[in-house]
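To start, the structure itself, in structure tokens.
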Amino acid sequence: MTGSEFSSLLFFSVRSLFYFVHSLPHVAKCSLIYFFYCRFFGSKRILEVFPSLRESHTLRDFRWSPLVLNAVQRSMRQIFDRAWVERTLDEGQLDDDSDVPFNFTLQERPKRYLPGVLALHLRRGDYKRHCLRLMNWESEYLGFNQLAGLPDRFGVGSSVTGEMANVTSLRNHGGEYGSANADLGQPNKEAYYLAHCLPSISQILQRLHTIREEYESSRVRSNPDETTVSPRHRLNKLFILTNSWPQFVKKLKEQVLEDGWDVVIATSDLEEGLTKREKGIGVAIDMALAERAEVFVGNGFSSLSANIVMLRTANGFQAYTNRLL
């Protein structure tokens, strides 16, 4: 099925789904979910409709709720250095509207970000099993994590650089870490998938080190019409979105700080300052912060990461600010 055929199917489904989905038997509902998640959102087919989705009211008028936004701004003031927050507000990077902070328009969003902040999404928990299932299915990254221009690809031609644990033998099979579909043998194939899907702390540290080095050493034009270039911000603040166990987070934070990061916070740190109502939307609060980070590093197999990449792309963030493990 071609991309254009999927566009027509999506339009038909959105119009029709409301009328019959509740009357479907359980098996049919499961089949429908599989079809859309795996065959559409989980593949490049979704990219066919992204241009129209980007210009639709769904994204152009998208706003996080005041409940999310107020929690985000309060968390910023609570965890980051207050002087840094106030300075960022003064420079116009953040909104200082006490009623609806951060609630800027689509056109303003690329100008409003958290300078020096790298947001890292680490999906753990059930991924200990799920990553091996992905390997058996020979899955690739979800659709939005394959948007044009993204620097990191899964398989042959991956731009990933640096060492990520015991996968060096994969390089002989193409790309930096080879192709997931190459005849690597079970041990190598498993190592390949886990390095991208469920990396160890040492692999995470190396990946962060590489991304920060690449980002800070490169130069960008201050204005598309200018020939001069200026350095990007130094990435020195790390926000970790994760469902990891506390012991894992504690050890990771300790080693990340040793690697030269000035501030490291995680989802669990945010939760300490949230109300009971806000804790129920903790994932949205994490996403709202990650959407505004100067650089985002996600899990290519995660729908949460894919949606953050989609929002950042729709909001005007350049492709090179969206990286994958």
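Across the cross-link table entries Lys251/Lys279; Lys44/Lys189; Lys128/Lys250; Lys44/Lys253; Lys250/Lys276; Lys44/Lys251, which are compared at the Cα atoms, the separations over 28 Å belong to Lys44/Lys253; Lys44/Lys251. Working ranking of peptides 293-302, 64-73 by packing, defined as the average number of other Cβ atoms within 10 Å per residue, highest first, is 293-302, 64-73. Tell me the net charge near Pro151. Cut-off is 11 Å between Cβ atoms, Pro151 excluded, with +1 for each Lys or Arg and -1 for each Asp or Glu. Net local charge, Pro151 excluded: 0. Taking other C-beta atoms within 10 angstrom as a stand-in for reagent exposure, Trp245, Trp261 fall in the order Trp245, Trp261, fewest first.
A simple spin-label model places pseudo-atoms 7 Å from Cα toward Cβ; at Asp126 and Ala148 they are separated by 3.5 nm.
Computed from the coordinates by the stated procedures, all read-outs in this text should not be read as laboratory data. Everything quoted here is computed from the prediction, not taken from an experiment. Here Cβ is always computed from backbone atoms with ideal geometry, including for glycine, and neighbour counts include all displayed protein chains.
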